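These notes are about the structure you will find just below.
Bear in mind these aren't lab numbers, they're just calculated from the coordinates by the rules spelled out. Nothing here was measured: the structure is a model prediction, and the numbers come from that model. For neighbour counting, all protein chains shown are included, and Cβ atoms are generated from backbone atoms with ideal geometry for every residue, glycine included.
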Amino acid sequence: MSGHLEALCLRVPQGFASRLRVALYNILGLRAGRPIRMERGRIRRCTQIVIGNNNAFSAGWQLWPMDAEQAGVRIRIGNDNYFNRDVFIDACGLIEIGDENQFGPGVYVTDSNHRHGPGVVGKRASMDIGRVKIGDGCWIGARAVILKDVELGDRCVVGAGAVVTKSFPADSVIVGVPGRLRETKAGSAR
């Protein structure tokens, strides 16, 4: 009995709020498949985001294209992905995420960084813009960071807290700061 009461009191209202949220974002230009679950989070520039089918975003997510006009897409997400709490996708160029990926809590993905050097400080620091591509079937551990110009092949595993600064081929297991190849899933250690 308590399971039914919990579902009625907790899940049903959150599911309804999620459907309303997705409907509003679609009105604002988001191109999202179905079904999509989006708990509380933040989004901007909906017209620059495309999301496939069967994706779930837990509370605290942010889809954050650069706040500038652009006719194209800055964030492209495939099908059947799960984004745990507080995942932040920060796109100035293009971030592409394939199908059937899992993102742990607090993952940060960005395709840009601020330039630095003599006389370049604060708001005058322009952006170096690149891209990020994450293949299919990847598992990105809690609090991992994926930086500009990284491409992860299919079925990669990124360990919790890793900072990925370069690309890795399919089936890689990536750990550490900066991220390095621990092994391939076929078992060969590096």
- Taking 0.36 nm per intervening residue step and subtracting the Cα-Cα distance, what contour gain separates Arg34 from Val163 on full extension? 43.2 nm
- For region 33-49, in residue order, the Karplus 3J(HN,Hα) values (coefficients 6.51, -1.76, 1.60; θ = phi - 60°; whole Hz; Gly and Pro = x) are x, 9, x, 10, 10, 10, 6, 3, x, 10, 8, 8, 6, 3, 5, 9, 10
- Between Val177 and Asp67, the FRET efficiency computed from the C-beta separation at R0 = 25 Å comes out, to the nearest 0.05, as 0.30
- What is the local net charge at Phe57, summed over the other residues whose Cβ is closer than 11 Å to its Cβ (Lys, Arg +1; Asp, Glu -1)? +3
- Message: Below 8 Å between Cα atoms, with a sequence gap of 6+, how large is the relative contact order for region 2-184 in percent?
- Response: 12
- When Glu69, Glu96 are ranked with the fewest other C-beta atoms within 10 Å first, the list becomes Glu69, Glu96
- Item | Given charges at beta-carbon only (K, R positive; D, E negative), |dipole| of the chain in Debye | 420
- Item | 16 Å tail of the calculated P(r), region 30-122, as % of Cα pairs | 55
